[in-house]
Amino acid sequence: NGTRNLKIACIGAGYVGGPTMAVIAAKSPPGAVDVLVLDKSEVRVREWNSDRLPIYEPGLEELVKAQRGKNLHFSSDVDGGIRWADMIFVAVNTPTKRCGIGAGQAADMTFVEAAARRIAEVADTPKIVVEKSTVPIRTAEAIRQVLEANGRTSFAILSNPEFLAEGSAIRDLCEPDRVLIGGNVDRETDRQAVQTLVDVYAYWVPRERILTTNVWSSELSKLVANAFLAQRVSSINSVSALCEASGADVSEVARAVGMDARIGPHFLGASVGFGGSCFQKDILNLVYLCESFKLDAVACYWRQVIEMNNWQKERFTVRILHGMYNTITGKKIAVLGFAFKRDTGDTRESPAIDVCARLWEEQALLSIYDPKVDAEQIWDDLTRRCHCTRDELQQRIRLAPSAEAAAHGSHALLLLTDWEEFRALDFGQIYRSMSKPAFVFDGRNLLDAAALRQLGYVVYAVGKPI
Ligand code: NAD
Ligand code: UGA
């Protein structure tokens, strides 16, 4: 078994395409696979080929630098790559539709379809097409129709959703809980293709962790996995409100509940709310699917996960306002962290965007610091969310070069991303540089509230007694 000189291309050099392909290249034995990552964005490809990669992910840079130029290549010649490959992963973005039918809910399939049409147009030898993007159920069928309409060659179409989380992508890819491969076993070409893809993963993933299912189960499992994860966060966040109202401590409740082996301890961290490019988009997609099958009660059930998340973000902001005597007009507030979680520079759907926008509306002066997010990204996110120009924002928002600089002279510290480095700050020193009373609003329950109170801070942490 195994593969020899299998030519693997991946359309989409993003958070999924880049790390996944780097790991496949690194984990396969010499001569087994050759990997080519393709993107229509020349800028992105140039960055992948440079010393400064387009995304930050722990361990990624070392991996890419070790494989690049050997069996890992990046190119913007998408057509050439399609022609060259035996197996083509499609890992393009599938954002929520912004206009037309299903706007605000359904997944926008423009990029997936464009990639499929390119393959149909260019391919002149048989290809295995692997759907890696997260897609609505039955997308593989649409891809098949686009590909086969051409009729020049044959295609196998597999679903292989990705479960990596940002910030731990390399670890998740190297030691996945499971790899899921969906294929139509009634078709001989698809059955063989499933085996080829299993062989690729089997270079480093134990066989019992490689699941094969029918295509529809595979597509749906991805949406359901994200919905379940997000649901846990919304569940514990709903409990955090109850804790604050009643005097219970959400960390103690989460621990007690999570020690039940049937429930488990993971994903029970109360927070300012979940963010990231996928949870909201994938649940909206699930809701849209349910509605299109006329399953309104099911749609309503899952929509509530998002509503609870929106409520939690708003609740956090209101808590800041109330805590600071119902006015923050003209008060300087330090925002520590802008990424949607630690160990990534990604800000897609970051709760920090919503919280900053609401504080901006309340006329606060914001000083924002994040260790990895680019300044341009912060301005882009806030101009879009606040519907105003960068010049207007800059009248009351500054970006700071460090947490200490952000905090200097401020009335409050908001901790919005759980960066480990925030734990190690010299809070005594920071306290002396702040206006008094000095507030801390910990949206991640990262800091030691008791120690901060000892220093003189007024501390609010999610789901904790005041
Ligand atoms: P991304 O936006 O980071 O990357 C997508 C890339 O595809 C972009 O660089 C874009 O230029 C390129 N692209 C789009 N259309 C193209 C085309 N027709 N030809 C060539 N290149 C094209 O997106 P991502 O975060 O990597 O997500 C990709 C998919 O994987 C999505 O469906 C997402 O839901 C899913 N997913 C993401 C994560 C994650 O952690 N980000 C995890 C699991 C699954
Ligand atoms: C998530 C899933 O964990 C991945 O399995 C999936 O592949 C991916 O979505 C995807 O499809 O894109 P990701 O969004 O990168 O990964 O990060 P998570 O670790 O899941 O965190 C999501 C959000 O929930 C973050 O804002 C995080 O801070 C928040 N969170 C997470 C909490 O507020 N509390 C928790 O206990 C856990």
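No value in this document is a laboratory result; all are computed from the given coordinates. Remember, it's a predicted structure, so these values are computed and weren't measured experimentally. Because the Cβ atoms are built from the backbone with ideal geometry, glycine has one as well, and the counts that use them run over all protein chains shown.
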## Note on the structure
Tilt, helix 139-150 to longest principal axis of the chain (alpha-carbon atoms), in degrees rounded to tens, equals 40
## Note on the structure
The base-10 log of I(q)/I(0) that the Debye equation returns for region 257-384 at q = 0.11, 0.13, 0.16 Å⁻¹, one scatterer per C-alpha, is -0.50, -0.67, -0.93
### Task
With 5 Å bins from zero, work out the P(r) of region 414-465 over every alpha carbon pair and list the percent per bin.
5, 21, 33, 28, 12, 1
### Query
In nm, what is the difference between 0.36 nm times the number of residues separating GLN394 and SER246 and their Cα-Cα distance?
49.2 nm
### Task
Could you run the Debye sum over the Cα atoms of region 1-146, one equal point scatterer each and no solvent, and tell me log10 of I(q)/I(0) at q = 0.17, 0.19, 0.21 Å⁻¹, two decimals?
-0.95, -1.14, -1.31
### Packing rank of 446-454, 181-189, 366-374, 336-344, where each peptide gets the mean count of other beta carbons within 10 Å, highest leading
336-344, 366-374, 181-189, 446-454
### Task
Scan around ASP249 for amide H atoms under 5 Å from its own, H built in the peptide plane at 1.01 Å from N, and keep only partners 5 or more places away or cross-chain.
none
### Query
Got a sec to turn the phi values of region 333-339 into Karplus ³J(HN,Hα) couplings, 6.51 cos²θ - 1.76 cosθ + 1.60 with θ = phi - 60°, whole Hz, x for Gly and Pro?
10, 8, 9, 9, x, 10, 5
### Task
Would you calculate a helix-derived [θ] at 222 nm for the chain, using -39,500 (n - 2.57) for each DSSP H run of n ≥ 4 and dividing by the full residue count, to the nearest 500?
-13500 deg cm²/dmol
### Message
Suppose we keep just the DSSP beta bridges with both residues in region 57-156; what percent of those would be antiparallel, to 5?
### Response
10
### Query
Which of LYS97/LYS341; LYS40/LYS341; LYS7/LYS341; LYS127/LYS372 have a Cα-Cα distance over 32 Å?
LYS7/LYS341; LYS127/LYS372
### Task
Taking 7 Å along the Cα-to-C-beta vector as the label spot, tell me the ARG171-ALA256 distance in nanometres, rounded to one decimal.
2.9
### Paired Rg and Dmax values of region 86-213, which use every Cα atom, in angstrom
15.3, 44
### Summary
Under 5 Å from the placed amide H of VAL33, counting only residues 5+ away or on other chains, we find ASN5, LEU6
### Query
Amide H of VAL459: which non-local residues (sequence gap of 5 or more, or other chain) have their own amide H closer than 5 Å, using H built in the peptide plane?
VAL440
### Query
Dipole magnitude of the chain about its Cα centre, charges +1 at Lys/Arg Cβ and -1 at Asp/Glu Cβ only, in debye to the nearest 20?
280
### Query
Which length gain, in nm to one decimal place, applies between THR189 and ALA375 when the Cα-Cα distance is subtracted from 0.36 nm times their residue separation?
62.1 nm
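What translational diffusion coefficient, to the nearest whole µm²/s, does region 370-466 have by Stokes-Einstein, given a Kirkwood radius computed over alpha-carbon pairs, a temperature of 4 °C and 1.567 mPa s viscosity? Walk me through the numbers on the way to the answer.
Values: Rh = 14.6 Å.
Estimated diffusion coefficient is 89 µm²/s.
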### Message
Can you compute the radius of gyration and Dmax for region 344-415, using only the Cα atoms, both in Å?
### Response
11.4, 30
### Message
At a 10 angstrom cut-off on C-beta neighbours, averaged per residue, how do the peptides 259-271, 311-323, 281-293, 207-219 rank from highest to lowest?
### Response
281-293, 311-323, 207-219, 259-271
## Note on the structure
Under Stokes-Einstein, region 205-265 at 10 °C and 1.306 mPa s, with its Kirkwood radius over C-alpha pairs, diffuses with a coefficient in µm²/s of 113
### Query
To two decimal places, what compactness ratio does region 6-65 give when its Cα radius of gyration is scaled by 2.2 N^0.38 Å?
1.06
### Query
Put a dot 7 Å past each Cα toward the Cβ at ILE101 and LEU321; how far apart are the dots in nm?
4.0
### Message
Across the chain, what fraction of all alpha-carbon pairs, as a whole percent, falls in each successive 10 Å bin from zero upward?
### Response
4, 19, 27, 24, 16, 7, 2, 0
### Per-q log10 I(q)/I(0), region 131-187, q = 0.21, 0.27, 0.30, 0.31 Å⁻¹ (Debye; single scatterer per alpha-carbon; no solvent)
-0.85, -1.11, -1.25, -1.29
### Query
With labels modelled as points extended 7 Å from the Cα through the Cβ direction, what inter-label distance (nm, one decimal) is found for LEU455 paired with LYS7?
5.9
### Proximal lysines to LYS331, defined as alpha-carbon separation beneath 21 angstrom and excluding residues fewer than eight positions away on the same chain
LYS313, LYS436
### Message
How much of the DSSP bridge set in the chain is antiparallel, in percent, rounded to the nearest 5?
### Response
5
### Message
Eigenvalues of the Cα gyration tensor times 5, then square-rooted: what semi-axes does that give for region 180-282, in whole angstrom, largest first?
### Response
39, 15, 10
### Task
Starting from the coordinates of the alpha-carbon atoms of region 1-41, obtain the Kirkwood hydrodynamic radius over all distinct pairs and give the value in Å to one decimal.
10.5
### Quotient of C-alpha Rg and 2.2 N^0.38 Å, computed over region 229-325
1.20
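For region 402-444, what value does the Rg/Rh ratio take when both radii are computed over Cα atoms and Rh is the Kirkwood radius, given to two decimals?
0.93
Give me the extension gain from ARG117 to ASN49: residue separation times 0.36 nm, minus the current Cα-Cα distance, reported in nm with one decimal.
Extra length available between ARG117 and ASN49 comes to 21.8 nm.
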### Task
Determine ³J(HN,Hα), in whole Hz, for all residues of region 118-132 in sequence, where each value follows from phi through the Karplus function 6.51 cos²θ - 1.76 cosθ + 1.60 and θ = phi - 60°; x replaces Gly and Pro.
4, 4, 4, 5, 9, 5, 10, 10, x, 9, 9, 9, 10, 7, 9
### Task
Identify, among ALA357, ILE157, VAL45, the residue whose Cα sits farthest towards the positive end of the charge dipole of the chain, taking +1 on the Cβ of Lys and Arg and -1 on the Cβ of Asp and Glu, with the dipole about the Cα centre.
ALA357
### Query
Can you list the HN-Hα couplings for region 376-384, worked out from phi with the Karplus curve (6.51, -1.76, 1.60; θ = phi - 60°), rounded to whole Hz and with x for Gly and Pro?
3, 5, 5, 5, 4, 4, 6, 5, 5
